[in-house]
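Read through the structure below, which is laid out as structure tokens, and then see the notes.
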Amino acid sequence: MVRTRKVTVATDRQGRTTGWAETEQAPPAPVVADPTAAAFFDVDNTMMQGASIYWFARGLAARKYFTTGDLARFAWQQARFRLLATEHAGDMSQAREAALAFVEGWRVDEVERLAEEIFDELMAPRIWAGTRRLAQRHLDAGERVWLVSAAPVEIGRVIADRLGLTGAIGTVAEVVDGAYTGRLVGELMHGPAKADAVNQLAAVEGLDLTRCVAYSDSANDLPMLSTVGRAVAINPDGALLRQARERGWEVRDFRTGRRAFRIAVPSTAAAGLLAGAVTAGLAMQRRRRAT
């Protein structure tokens, strides 16, 4: 083992050296990574203030891909979509058809470029510092850290890359010849689908889920939180907070007072409205380009 030497110098009031001492020091112990451990972080309201699709839509609006008038015109469509997702979780066929319709015909590289630009402009300042520190602790311990989000996987990958995380699990759009078809591959990455994806990743990566940790703000993620050995509620909604207290899960809340209410509640509604508006706005933009 390589050892280092520490020299301590003593001086008088005039700065003259009066003595010194030299001692041996052992180097810090290396981090022993656990290859079977990992952490899984939800994104919206957990890693980031608000919803990633909302900020993506804001960035698209700033680039004139759709207008604020489009938002109001198609808000009722997204409200219907959200009602279907909440009350008919077992029959999501219509939700699946609508989920990624907004990227139909778009080139993958264009969406990735936009996601990178919009992350740097709008999303990066809204990363929760407290959640980011939690993720960094896992990385410093030699563990892998994955984002798990219902957002398109391209957005998740950009966030993971910018934060130096291992990777991202998200909703996957079908791609043919480098362009999106507007259809999904598999299911929406929502609710039980997140737990299924985590289980599949664990099998591929050799993870022991009893040694893994999951973080989320929403009761919708109870399946994922229940899959791992340790669950942590981050900025939890009311239903998750009740479950966390009943199950003895750790709770971390990085919000304060009225600010917490403003972020947690309106952002969820806005995300739904904007997701529908993205679909409509981009369709209108394609028509404008074609004329």
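Read-outs throughout are calculated quantities, based only on the coordinates presented, and are distinct from any laboratory measurement. It should be emphasised that the depicted structure is a prediction, and the values quoted were computed from it without experimental measurement. Using ideal geometry, Cβ is built from the backbone for each residue, glycine included, and neighbour counts are taken over all protein chains shown.
Tabulated data for the structure shown
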| item | result |
| --- | --- |
| Test: residue in region 159-177 that is polar (S, T, N, Q) and either in contact with a Phe, Trp or Tyr (Cβ under 7 Å, 6 or more places away or on another chain) or without any contact (Cβ under 8 Å) to a residue 24 or more places away in the chain (or both) | yes |
| Filtered residue count, region 177-215, keeping only those that are among the β-branched types (Val, Ile, Thr) and either over 21 Å from Leu225 (Cα atoms) or in contact with an Asp or Glu (Cβ under 8 Å, 6 or more places away or on another chain) (or both) | 2 |
| Residue among Ala197, Ala193 that alone is within 24 Å of Glu174 (Cα to Cα) and free of Cβ contacts under 8 Å to residues at least 12 places away in the same chain | Ala193 |
| Residue check for Asp217: touching a Pro at 6+ places or on another chain (Cβ under 6 Å), buried (at least 19 other Cβ atoms within 10 Å of the Cβ) and touching a residue at least 40 places away in the same chain (Cβ under 8 Å) | yes |
| Search result, residues across region 118-129 that are part of a helix (DSSP H, G or I) and surrounded by 13 or more Cβ atoms within 10 Å (Cβ to Cβ) | Ile118, Phe119, Asp120, Glu121, Leu122, Met123, Ala124, Arg126 |
| Gly156 in contact (Cβ under 8 Å) with a residue 60 or more places away in the chain, surrounded by fewer than 18 Cβ atoms within 10 Å (Cβ to Cβ) and not β-branched (Val, Ile, Thr) | no |
| Unmet requirement for Val175, which otherwise passes all of (1) β-branched (Val, Ile, Thr); (2) surrounded by 17 or more Cβ atoms within 10 Å (Cβ to Cβ); (3) closer than 23 Å to Arg113 by Cα | (2) |
